[in-house]
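Chemist: Right, I'll just put the structure down here and ask away after.
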Amino acid sequence: MELLEMYRENGVSREVYAFGETVLKTLAPRFAQLDAMAELNQGKVIRAMQENRVDAPCFAATTGYGYDDVGRERLERVYAHIFGTEAALVRPQITCGTHALTVALSANLLPGDELLSPVGAPYDTLQEVIGIRPSPCSLAEYGVRYRQVELLADGSFDYPAIRAAIGEKTKLITIQRSKGYATRPSFSVAQIGELIAFVKSVKPDVLVMVDNCYGEFVEALEPSQVGADMVVGSLIKNPGGGLAPIGGYICGTQACVSRCAYRLSAPGLGQEVGANLGILPSFYQGLFLAPTVVSGALKGAIFAAGIYEKLGFRVIPSASEDRHDIIQAVELGSEAGMRAFCKGIQAAAPVDSYVEPIPWAMPGYDSQVIMAAGAFVQGSSIELSADGPIRPPYAVYFQGGLTWYHAKLGILKSLQAMVDAGLVQL
Ligand SMILES: *Cc1c(COP(=O)(O)O)cnc(C)c1O
């Protein structure tokens, strides 16, 4: 009764709330699985911090060149431990996920080398990095060639075509774990492992990089534990746990990570420089919280899937499928649907709740994009957010939520906005 009253005060009608509760009842077994995964990953993170003797001096600020930065070095050991890699580069100087991926690619590809994506087109912003869409300073401008093999119609790997695409010049293979702004399925770590084993059987010395954005802590293993030479991601997504205000990571072999450090700073300097400017407490504490935050976000994703599936929309993945990332796509079929959905998410936010999201031409994307986000950290998509390009099938990509209860409120308010706009009937 009190809950009903709270939701009413937050603009959620009795009907919308009741609809949500009906869906929620069917999800109890899934939620129990998510709790178990969070428990497992929490233990893994704590173990990594203990083994690397994280202590108060790790939280101290360094300035200038940042030589002998104990906190930075130990944080990188902690990441390497969690991801099961030789080395890690975890830095506030890495601006975002796209930057981390750019560093990883440009550090490990030289003029004349070929880059291959065996999983179809990469994430929108990567297309300019690679030069698929011409762009100043793209890899293409530096003489790195690119090839792509499409997924089969059912979303699986086209092994014969991948084998045919791997040639003498193929230096690096990029695999994007999450669907990004596409309505293909995201890949499980096991599937990625099979693909890596295949490409390495065709060409043993080829490097494999996995774009791990949105995938961290969703499963018990990370792609670096099934053969990837580098895994790359953003700290304002899963592993920052909502607290990291900036940053990116690259975990992988020492050889690959060293090159990334030389690319990020300068040849000859590498990993030895890079002051932390006092930001490390949020990196450590965010990482500590990340498994729980990710599990709350996954509950939100599954709840949204359950609701919109029941209303007849196509949702990817469905509420009953296994999860490999925190992204939930909902095909709303119209711009009006996308606007209403995003309006509801925005209205549920703790920050900027009074603004109404409208589509705009965001840098790095080739169609207009609508984004709902009321985040403590600008653009943070581990916080509750929804976005999508305004183009068929008019899918919104919903993700995040620092707490499950916030995600729940956001989803109920999105449904309320859809109901109020006459786009759905309960
Ligand atoms: C978010 C994302 C990126 C880019 O990250 P930014 O931090 O937005 O630059 C790259 N790949 C995938 C799959 C992503 O989800």
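The values are calculated or read from the model by the stated rules, or taken from the named source; none is laboratory data. Computed from a prediction, not measured in an experiment: that's the story for all the values here. Here the Cβ positions follow ideal geometry from the backbone for every residue, glycine too, while neighbour counts run over all protein chains shown. Each accessible area value is taken on the protein alone, full model and side chains, heavy atoms only, with ligands, DNA and RNA left out. Shrake-Rupley method; radii C 1.70, N 1.55, O 1.52, S 1.80 Å.
Chemist: State which residue is most open to solvent (accessible area, probe 1.4 Å) when the search covers only the stretch 212-246 and only residues that are of a type in the set (Ser, Thr, Tyr) and within 12 Å of the ligand (Cβ to nearest atom).
Modeler: Selected residue: 214.
Chemist: Another question, then. Pick from 382, 316, 307: which is at pLDDT below 95, among the hydrophobic types (A, V, I, L, M, F, W, C) and open to solvent by less than 40 Å² (accessible area, probe 1.4 Å)?
Modeler: Checking each option against the conditions leaves just 316.
Chemist: Applying the selection to the stretch 5-40, what residues are part of a loop (DSSP other than H, G, I, E, B) and either closer than 18 Å to residue 347 by Cβ or not hydroxyl-bearing (Ser, Thr, Tyr) (or both)?
Modeler: Within the stretch 5-40, the subset part of a loop (DSSP other than H, G, I, E, B) is 10-13, 26-27.
Listed by number, the residues that qualify are 10, 11, 12, 13, 27.
Chemist: Of all residues in the stretch 285-301, which are among the aliphatic types (A, V, I, L, M) and surrounded by fewer than 24 Cβ atoms within 10 Å (Cβ to Cβ)?
Modeler: Of the residues in the stretch 285-301, the ones among the aliphatic types (A, V, I, L, M) are 287, 289-290, 293-294, 297-298, 301.
Residue satisfying the conditions is 289 alone.
Chemist: Which members of the stretch 12-41 meet the condition of being open to solvent by 50 Å² or more (accessible area, probe 1.4 Å) and of a type in the set (S, T, N, Q)?
Modeler: Selection gives 22, 26, 33.
Chemist: Ok, one more. Among residues belonging to the stretch 116-139 that are of a type in the set (S, T, N, Q) and open to solvent by 10 Å² or more (accessible area, probe 1.4 Å), point out the one that is nearest to the ligand (Cβ to nearest atom).
Modeler: In this case the residue turns out to be 125.
Chemist: Looking only at the stretch 167-191, which residues are away from the ligand (no atom under 13 Å from the Cβ) and open to solvent by less than 20 Å² (accessible area, probe 1.4 Å)?
Modeler: Answer for the stretch 167-191, where residues must be away from the ligand (no atom under 13 Å from the Cβ) and open to solvent by less than 20 Å² (accessible area, probe 1.4 Å): 170, 172, 173, 188, 189.
Chemist: Sort out for me the strands (runs of 3 or more DSSP E) sitting completely within the stretch 346-426 that have 1 or more residues that are among the acidic types (Asp, Glu).
Modeler: 385-389
Chemist: What do you reckon, is residue 228 under 18 Å from the mean Cα position of the chain (by Cα) and assigned to a loop (DSSP other than H, G, I, E, B)?
Modeler: So residue 228 fits the description; yes.
Chemist: Take residue 156 and tell me if it is open to solvent by less than 20 Å² (accessible area, probe 1.4 Å) and either more than 30 Å from residue 70 (Cβ to Cβ) or without any contact (Cβ under 8 Å) to a residue 40 or more places away in the chain (or both).
Modeler: When the stated conditions are applied, residue 156 does not pass them.
Chemist: Search the stretch 140-153 for residues being under 22 Å from residue 188 (Cα atoms) and more than 23 Å from the chain's Cα centre (by Cα), and hand back the single one that is most open to solvent (accessible area, probe 1.4 Å). First the steps, then the outcome.
Modeler: Our first condition is that a residue be under 22 Å from residue 188 (Cα atoms); within the stretch 140-153, this holds for 148-153.
Filter once more, so that each one left must be more than 23 Å from the chain's Cα centre (by Cα): 152-153.
Details: 152: 74, 153: 117 Å².
Filtering the stretch 140-153 for residues that are under 22 Å from residue 188 (Cα atoms) and more than 23 Å from the chain's Cα centre (by Cα), the one most open to solvent (accessible area, probe 1.4 Å) comes out as 153.
Chemist: Right, another one. Just to be sure I understand, how many residues within the stretch 324-338 are surrounded by fewer than 24 Cβ atoms within 10 Å (Cβ to Cβ) and either within 16 Å of residue 360 (Cα to Cα) or out of contact with any strand residue (DSSP E or B) (no Cβ under 7 Å at 6 or more places or on another chain) (or both)?
Modeler: Number satisfying all stated conditions: 6.
Chemist: Do you know which residues across the stretch 397-417 are touching a strand residue (DSSP E or B) at 6+ places or on another chain (Cβ under 9 Å) and surrounded by fewer than 24 Cβ atoms within 10 Å (Cβ to Cβ)?
Modeler: 397
Chemist: Could I ask something else about it? Quick one: would you say residue 75 is open to solvent by less than 10 Å² (accessible area, probe 1.4 Å) and aliphatic (A, V, I, L, M)?
Modeler: yes
Chemist: Any chance the stretch 78-101 includes a residue that's at pLDDT 95 or above, within 26 Å of residue 284 (Cα to Cα), of a type in the set (Gly, Ala, Ser) and within 16 Å of the ligand (Cβ to nearest atom)?
Modeler: Checked the stretch 78-101: at least one residue is at pLDDT 95 or above, within 26 Å of residue 284 (Cα to Cα), of a type in the set (Gly, Ala, Ser) and within 16 Å of the ligand (Cβ to nearest atom).
Chemist: Please find, among 374, 422, the residue that is touching a Leu at 6+ places or on another chain (Cβ under 8 Å), without any contact (Cβ under 8 Å) to a residue 40 or more places away in the chain and away from the ligand (no atom under 16 Å from the Cβ). Talk me through it step by step, then tell me what you get.
Modeler: Details: 422 fails: touching a Leu at 6+ places or on another chain (Cβ under 8 Å).
Going through 374, 422 in turn, the sole match is 374.
Chemist: Oh, and also: Of everything in the stretch 45-57, what is crowded, with 16+ Cβ neighbours inside 10 Å and touching a residue at least 40 places away in the same chain (Cβ under 8 Å)? Give them in sequence order.
Modeler: Those that are crowded, with 16+ Cβ neighbours inside 10 Å and touching a residue at least 40 places away in the same chain (Cβ under 8 Å): 45, 49, 54.
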